[in-house]
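These notes concern the structure reproduced below.
What follows draws every value from the coordinates through simple rules; no lab data is involved. From a predicted model like this one, the values you see are computed outputs, not experimental measurements. Reconstructed Cβ throughout: ideal geometry from the backbone, glycine too, with neighbour counts over all protein chains shown.
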Amino acid sequence: MAKKKKLDDLSPWAKYQKEHNRNSFGKVKRSEIKKSNKNKKYSTSQINDHLQKWFANVVNWFKNIHLLEFNVISVSLIVMMSLVVIGGIYLATPFSRVRTVSVVGNKRVSDSAILKKSGIKKNQLLVTDLWNRSKTESKIKKGFSDIEKVSLINGKNNRIQIRITENAVMGYVVRNGLYYTVKQDGTMVGKHQTQPSGNYPIFRNFKQNENLNKFLRKYSSIPNSVQNSISEVDFSPTKTIPNRIQLYMNDGNEVYAIIDTFDKKMKYYPEISASMKNKGIINFEVGAYSYPFSMKDEENNSNDSSTTTVKKKNKTKESKSATNKKDISQSKSTQKSF
């Protein structure tokens, strides 16, 4: 407190000089200490002590790094081991296996053929099937020309579904006397042929693609068994029925139908043909009925006989009119002579 009072009693100039002297004295002291430290010489024992301390610090630093690395490695090993244990438990349970395999969307290609090509089986590891999904899809698509798209889907409870989109070959369409392979979307595949090959039906007189595409959409939806029983389809429109078609069957029957209702009514063809005693015609234009070819011949004969009788009647009328004209002319000539 006394020192503070003394400082307070001094004038500002005296205070400044006193503080300046104090700072300069401190600087001198510090510089002297530094010079003394530089000039100071250490003994060999002191140097060895400093080196030992420095080396001990370096060793401790490396130990700490190794401990950190060891901790990281141990934690990663524990995590890996736990994952292996969990994976082993999962693979041992039925949740890791394929429960069922189903095929949807296919019509021409059978379920068994698609499943065989896929290689997927029941109780197989689900992980491997999903890992090879793209390979399986491309393998199925390349294995069948009638398949356009394949999708492998994992449903609930490990139920695998193979979804198929078909664009199958329907038959041969005739254009300018040549045979072209046509698919169900109306596209023609490959080069033309002079003669058809295989068991595909022949589609004739479909001059407009619109009528052909409309027919193919209906044709592709009828059962395979009915498709296989068709030998030829002719587009034969009439004035009253512009979308009329005539089908020639492999069993010898003929069918008249309309494109709009063709797919719905052809389902009943096997039942109707089985009930027919003789080969004949099945008409699906209006309703559904059948009759043997003999009735068609009788109708044609009756029509021919009716036309011949009409012609004969016309001839008799013409002959009668001619004789009447002759009589009249003879009577006129006799009157003139008299």
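Values for this structure:
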{"item": "Residue-span extension gain [residue 124 to residue 159] - 0.36 nm each, minus C-alpha spacing", "result": "11.4 nm"}
{"item": "By average C-beta atoms within 10 angstrom, highest first, the peptides 237-244, 137-144", "result": "137-144, 237-244"}
{"item": "For segment 163-240, with +1 on Lys and Arg beta carbons and -1 on Asp and Glu, the positive-most of 212, 227, 192 along the dipole", "result": "212"}
{"item": "Ranked by how many other beta carbons lie within 10 Å on average, peptides 125-135, 223-233 from highest", "result": "223-233, 125-135"}
